[in-house]
Amino acid sequence: MGLELHYYFRVSAFYWPFPLHGYTSTFYAKNLQWHCVDEYGQKVRRISYAFSEVQDIILEYFDELLQYNPDGICLAFNRGLPLMICEQPVIEAFERSYGRKPELPDEVDSPEMLKIRHNLLCEFIGRVHKLVSSHGKVLSCIIPRDFERNLLFGLDIEMLVRNGFFESVLVGAGHQDDPGLNLNLEPVMKIKEHGTKVYPGGSCVNAHGGAWKPGDLPARASFMSHILDNGFDGAYFWDIDQIVDSGTEWEIIRQFGHREILNQIMDGKLPKIKYHETRKIYDLTVDRYNPWNAY
């Protein structure tokens, strides 16, 4: 079909959120020693990537995924920040850099502590990039569109793209982000300065601060036009099933990269959709008689 497939990984998907936190991964449940620790020394319901043991396990998992020959691995930073807080490896790295222990809880978000977290995450992403590259594949990621909050939670995306780790960055998942940030693309443009492909966009769920207005194709086309006018490589849609009422709407949306079609949509002229019937899928021959009720 000509599509590029990146296996998507939620970087902190080891447990379910409250009140379903009883449903969790064995890895999370059996390794309390690798959980995040807050500025008061309390365990936090997260696995910390500050531990080399955690990194090694994730890298083994990625190595297995790459055996299935995807085009790349996509890290979903919109699902999981922060990935480390005040665990022992973070404290030790702080001591090596500044010759003293951080004064907690006061220095939990100090510039010095943030720099330590940014550097530790950068080292891990460097390991991931090396692994993915060794398979001839690329690394991509999804990040929230609030860059200041990302920095506070340990993600310095500019540092990562400066190091050439990401082939592409998808900005703005929309979940609990400020929708107003959609139109301010200036901070996002800084990522492109380092040669990385950047695709703004995000959630199609209005309750999540969606980037794409529900039930309004001209409004979506206008946002897409704004993205292209600012020189980005394209856009992306998250939760596309939330705005597609039938199989026809996506046939229009997937043509958003064509400026002429965008202009027509913004003028209220929707392009005609071409239909085709699928009669064969690999070695499976199908027909128009649905076997759903056969039993």
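Just so you know, all these numbers are worked out from the coordinates, no wet-lab data involved. What you see is a predicted model; the values in this text were computed from it and never measured. Ideal geometry is used to build each Cβ from the backbone, glycine not excepted, and the neighbour counts take in all protein chains shown.
Below 8 Å, C-alpha to C-alpha, sequence gap of six or more: please give me the relative contact order for segment 6-244 in percent.
15 percent
Report, largest value first, the span of the C-alpha coordinates of segment 6-244 along each principal axis, in whole Å.
Over segment 6-244, Cα extents along the principal axes are 55, 42, 40 Å.
Take the chain, connect every pair of alpha-carbon atoms lying under 10 Å apart with a spring to form a Gaussian network, then pick out the residue of Lys272, Lys43, Lys130 with the largest mean-square fluctuation.
Between Lys272, Lys43, Lys130, it is Lys272 that shows the largest mean-square fluctuation.
Select from Ile227, Cys122, Cys36 the residue farthest towards the positive end of the dipole of the chain; place +1 on Cβ of Lys and Arg, -1 on Cβ of Asp and Glu, and compute about the Cα centre.
Ile227
Order these peptides, 21-32, 141-152, 118-129, by their mean beta-carbon neighbour count within 10 angstrom, highest first.
Packing order, densest peptide first, comes out as 141-152, 118-129, 21-32.
Quick one: putting +1 on the C-beta of Lys and Arg, -1 on the C-beta of Asp and Glu, what dipole do you get for the chain around its Cα centre, in Debye to the nearest 20?
540 debye
If I fit a long axis through the Cα atoms of helix 217-229 and take the longest principal axis of the Cα atoms of the chain, what angle between them do I get, 0 to 90°, rounded to 10?
So the helix axis and the longest Cα principal axis differ by about 60 degrees.
Who wins for biggest fluctuation among Tyr15, Tyr199, Tyr49 in a Gaussian network model of the chain, springs between alpha carbons below 10 Å?
Among Tyr15, Tyr199, Tyr49, the largest GNM mean-square fluctuation belongs to Tyr15.
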